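Each remark here refers to the structure printed beneath this line.
The values are calculated or read from the model by the stated rules, or taken from the named source; none is laboratory data. In this text the structure is predicted, and so the values were computed from the model without any measurement. Backbone-built Cβ (ideal geometry, glycine too); neighbour counts: all protein chains shown. Accessible surface is based on the protein model in full, side chains and every heavy atom, while ligands, DNA and RNA are left aside. Shrake-Rupley method; radii C 1.70, N 1.55, O 1.52, S 1.80 Å.
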Amino acid sequence: MAKSSTTYTSGSSPQKILFAASEALPLIKTGGLADVAGSLPPALCNLDLDVRLVLPAYPQAIERAIPLKTVATMRISGVPEPVRILEENIEDRLHVYLIDAPSMFSRPGNPYTEASGRPWGDNAQRFALFCRAVVHIALNQAGLGWHPDVVHCNDWQTGLVPALLAQEWDRPATIFTIHNLSYQGMFDLSTFVQLQLPDKLWSSEGLEFHNQLSFIKGGLVFADWVTTVSPTYAEEIRTAEFGYGLEGLLDHRSERLTGVLNGIDYHVWDPATDLDITQTYTADSFHLKQTNKLALQKEMGLEQDKDAILFGNIGRMVEQKGIDMVIDILPEMMQNQKVQIVILGSGDEQLEQALLEAAEPYPGRAVVTIGYDEALAHRIEAGCDCFIMPSRYEPCGLNQLYSLRYGTVPIVNRTGGLADTVADLNPATMLDETATGFVFNSPDAASLLEAIQRAIEYYQRPGLWWEKLATRGMEQDFSWDASAAHYLDIYRMAVDSPAKNPVAAA
Ligand code: ADP
Ligand code: GLC
């Protein structure tokens, strides 16, 4: 790749940030990454940074980003067609670029998988192309006349960016954020060869991992700074239990590995202004939340009972989220006639089926909706009393943060971002008035059930105990301001002291 001409001045504050992700709200979303990539860049703009977000041009993104204009056309090795950069043509501080390569991205449905749920067979080619396009922009070789100081990459789909940029003698600083270490972008050796990646990257100090090509290693090995989305997860991934064999590498990089807690977008998730819910409310008008509960019970075909305790869960139905534990304990939970539960999600077909079957014996008290429905997710947050998150691991987790904001008391396993954001109700936290939810210590059905029973007991106490607990959660501040400032500090450190890469430019 040609060398670029701009020199980066050490000690200067980075101003121009290229933020690369494979999904971002409001254009395309499959999970929490989209929430973050949709709300962190605007928060960085609030710090007076020039931030440009770059995404693949999936059909949904093109549709939602209209009007679009073509701002550059590039040739990328291995791609027969010219690759266009489209820019969302709106008056906004945040520039959004879409990488338009129709043979790779113009296909219906999910960005990563076919309708059957199987990953697209050419994902390595698709995201390698995306990475190369990002590298072109990063080196000011895309014809945009803009040269970022920092490239902030997210998850494996962008992992090749730090690896390719490390081959350049004059390059922007690179940050790689791990949103979920279990998704690594692994492909075989022939894919590495076919992608025409530099030979020297095929080594255990480079992209090779157990004789496979690992996209995520590109970020973990080569980025100037690695971050993940909560302080506890930053510790956990350095252990064999959570590290997927990458714990040694992450431990080796621990001086440049930082956990920065995600924020949430209070423009989208605020019960005081939420247009998707039946009745808006605040901590001061907490009693109004009940209207949402009655409306949700009606909408979902549950018995309308203001005194029942209504549990909720929303999420991807995969092993990570521990929803199988809810299946295990449902019969016991449902023995209490004052318990109701509503679950919304999709994912693993077997889990979906098992959940539907588990709820069947309890019509009017347990309901499972298979699908993806953002407006319903808001109504569940507003209508439930408690939100269950029994995740086996959780890099950050957003739903417990939304739940806190909506006065929907979270019940969580003590892991990752859940441990960092929910304070367990116990004698000490009752005394110093810091409790915000119920936390259990091990991801198993018995521990979850015990926490749920504690919540039921507390809910049924006469007096204002529950309201105090729920409204304390509503008053927590998980806005992006502090986290965005923390990222800016990391950008500065990365610009000031680039990492020495093991397989870098000669
Ligand atoms: P993850 O990214 O691991 O899926 P997070 O808690 O960080 O978990 O974020 C998940 C996001 O996706 C939340 O905004 C959640 O509300 C949303 N979500 C997940 N499943 C659904 C669904 N079936 N319908 C609506 N929103 C969903
Ligand atoms: C991932 C994680 C989740 C996190 C989200 C956004 O999908 O599973 O815990 O909140 O990314 O960072």
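Of note:
- Taken about its Cα centre, segment 283-477 carries a charge dipole of roughly 460 debye when the Cβ of each Lys and Arg holds +1 and the Cβ of each Asp and Glu holds -1.
- Rounded to 5, percent antiparallel among DSSP beta bridges of the chain: 25 percent
- Packing order of peptides 21-34, 343-356, highest average first: 21-34, 343-356 (average count of other Cβ atoms within 10 Å over each peptide's residues).
- Descending by average beta-carbon neighbour count within 10 Å, the peptides 334-341, 357-364 line up as 334-341, 357-364, the highest first.
- Once the chain from residue 267 to residue 370 is taken as fully extended at 0.36 nm per residue, the excess over their C-alpha distance is 34.4 nm.
- Across the options 403, 57, 376, the greatest Cα extent toward the positive end of the charge dipole of the chain (unit charges at beta carbon of Lys, Arg, Asp, Glu) belongs to 57.
- Efficiency of FRET between residue 328 and residue 284 - r from beta-carbon atoms, R0 45 angstrom, step 0.05: 0.70
- Tilt relative to the chain, helix 289-300 - C-alpha long axis, 0 to 90 degrees, to 10: 80 degrees
- Qualifying lysines (Cα of each under 30 Å from Cα of residue 306; at least 8 residues distant if same chain): 289, 293, 298, 321, 338, 468
- Summed over the residues of segment 283-477 and divided among them, the accessible surface reaches 40 Å² per residue at a probe radius of 1.4 Å.
- Charge dipole of segment 92-223 (Cα centre as origin; +1 on each Lys and Arg Cβ, -1 on each Asp and Glu Cβ, all else neutral): 160 debye, rounded to the nearest 20.
- Distance between modelled label sites at residue 188 and residue 338, nm, 7 Å Cα→Cβ extension: 6.0 nm
- Beta bridges per DSSP, both residues in segment 119-256: antiparallel share near 30 percent.
- Accessible surface of the chain, 1.4 Å probe, proportion on carbon and sulfur as whole %: 51 percent
- Put a plus charge on the Cβ of each Lys and Arg, a minus charge on the Cβ of each Asp and Glu, and nothing anywhere else: the dipole of the chain about its Cα centre is then about 1000 debye.
- All lysines inside 29 Å of residue 16 as judged from Cα atoms, apart from same-chain residues fewer than 8 positions distant: 3, 29, 69, 217, 500
- The order of the peptides 218-225, 416-423 by mean Cβ neighbours within 10 Å, most packed first, is 218-225, 416-423.
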